Amino acid sequence: MNDQAAVPAGTSGKTPLLEVDDLEVAYRIGRGRRAQDLIAVSGVSFHIDHGETFAVVGESGSGKSTTARAITRTLPVRAGNIRLGGRELTELSGRELRRIRSDVQMVFQDPYSSLNPSMLIRDSIAEPLRVHTDLDSHARDAAAHDLIQAVGLLPEHLNRYPYEFSGGQRQRIAIARAIATSPSLVICDEALSALDVSTQNQIIRLLEEIRQTKSVAYLFIAHDLAVVRHIADRVGVMYLGRMMESGPTERVYNAPAHPYTEALLSAVPVPHPRRQRARRRMLLPGDVPNPLEPPSGCVFRTRCPRAMDICAEEVPMPFPAVGGGEVACHLHTSGPELGGESVRVLSTA
Ligand code: SF4
C-alpha cells in the first residue's frame, strides 16, 4: 500500500477529509482445502470532503457496510489506500490506530445493541471520553451533560437506562456518544432503518444540525434511496462489492447514468399521485449472483438490460459522468454515448 500516492483534490478543490482508493476487502470462507476467498469489496474509490455528507447505497450484500468497517479498520484491508486528513490508515496499529479511531465514530442501525443495557446513559455517553481522552470524571460528566442536550434530550435522562427510551431516543443517545470525542467523520450504518418515517425525519434534522454546529462529515450507509436524497451532498451506488456510480445527489437522482442506479430509483415512490401512476418500474431479472463466483467483466451484466459483448470481457472502469461524478459502465466508455440520458426500461410493473 502506497503512502506516497498523490493526494487528489476533493469536490471542493481542497484535500478531502477521507480518501478511499482502490479498496479491496476479502473474507476467508470455509476451512482447510475448501477455504475460499470471498472478495466483498473490490476497486472501490471515493472521497468525502470536510463537513460533507456522502451516502453509499445498495442492496444487502453490496459491500457498503464492509467498506465502512474497513475504514474503521475493524476489518483487514487486502489492498488499496484509506487516508484520513492525508494520513494513511491501512498502515497504523496500536496507539496510533486508537487515536485515529476517536476521530471516526459509528452509529449503527440498532442503538439498543450498541448501548450497554446495564450502564447508565451518563456512563455510556462518557465512555468514549474515558477511552480516548485524559478528562477526569468531573469533566466527562460535564461533557455528558452538554451532549445529552445537544441531541435534544434532558439532563435528567442521564440517570436512566437504555430500556427506558424509545427507538428514536436511543438513536439520539447513540449519536451523543458518537460525537463525544468531536470526530471529524461519523459513519451512520443504516442508522435510520429501524425508525418510523417521522422519527427518521427528526434524526435527519438532528444530524444536519450537528453537521453545521460541529463541522462533522458523514458517511451515510443505507439501502433506501428515498432517505438519503434529503441528507446527502453526494451519493455512491454499490453492487456486488463494486462502486457502480457516484456523483452529486441531484445529478444521480435526476439523471442516473448507470442502469443499476436507474433500476433502484424506479422503485422509489414519487410523492405525486399522477407522476407515480405514469412511472414505470424497472424490474431486474434474476438474483444477485453468488459473490464467490462473480460474473466476469461487469458484475451487473447478468441482470443488466443493456449488456453488450464487451460487458462479459472487460471490467468497466470509472468514467466521468455528464453532470458530475463517475460511472463504471461500458455504455459510457465503449458503447453509444448516452450522456446521462435515461436507459431504456426493461419491463414494467
Ligand atoms: Fe450493463 Fe454493460 Fe454497463 Fe454493466 S457495463 S451496466 S452490463 S451496459
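Just so it is clear, none of the values below were taken in a lab; they were calculated from the coordinates. Bear in mind that the values here come from a model prediction, so they are computed numbers and not experimental data. As a convention, Cβ positions derive from the backbone with ideal geometry for all residues, glycine included, and neighbour counts pool all protein chains shown.
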Checklist line | Residues being assigned to a helix (DSSP H, G or I) and buried (at least 24 other Cβ atoms within 10 Å of the Cβ) - total across the stretch 208-226 | finding: 0
Margin query: Quick check on the stretch 125-148: of everything there that is closer than 26 Å to LEU89 by Cβ and not hydrophobic (A, V, I, L, M, F, W, C), which residue is surrounded by the fewest Cβ atoms within 10 Å (Cβ to Cβ)?
Written below: ASP134
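Restricting the search to the stretch 53-64, which residues are surrounded by fewer than 22 Cβ atoms within 10 Å (Cβ to Cβ) and on the phi < 0 side of the Ramachandran plot? Spell out the reasoning first.
Filtering the stretch 53-64 for residues surrounded by fewer than 22 Cβ atoms within 10 Å (Cβ to Cβ) gives 59-61.
If the condition is that a residue be surrounded by fewer than 22 Cβ atoms within 10 Å (Cβ to Cβ) and on the phi < 0 side of the Ramachandran plot, then GLU59, SER60 are the ones that fit.
Return the only residue of GLY297, GLY247 being in a loop (DSSP other than H, G, I, E, B) and buried (at least 18 other Cβ atoms within 10 Å of the Cβ).
On the way: GLY247 fails: in a loop (DSSP other than H, G, I, E, B).
Result of the check over GLY297, GLY247: GLY297.
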Next item on the list: Please give the number of the condition MET238 fails out of (1) part of a helix (DSSP H, G or I); (2) touching a Lys or Arg at 6+ places or on another chain (Cβ under 6 Å); (3) aliphatic (A, V, I, L, M).
Entry: (1)
Next item on the list: Hey, could you check the stretch 193-204 for residues that are free of Cβ contacts under 8 Å to residues at least 60 places away in the same chain and under 29 Å from ILE100 (Cβ atoms) and say which is surrounded by the fewest Cβ atoms within 10 Å (Cβ to Cβ)?
Entry: ILE204
Notebook entry, point to check: Taking the stretch 279-302 only, how many residues are under 17 Å from VAL252 (Cβ atoms) and more than 12 Å from the ligand (Cβ to nearest atom)?
Noted result: 1
Notebook entry, point to check: For the subset of the stretch 303-321 comprising residues that are more than 8 Å from the ligand (Cβ to nearest atom) and buried (at least 18 other Cβ atoms within 10 Å of the Cβ), which member is farthest from the chain's Cα centre (by Cα)?
Noted result: ARG303
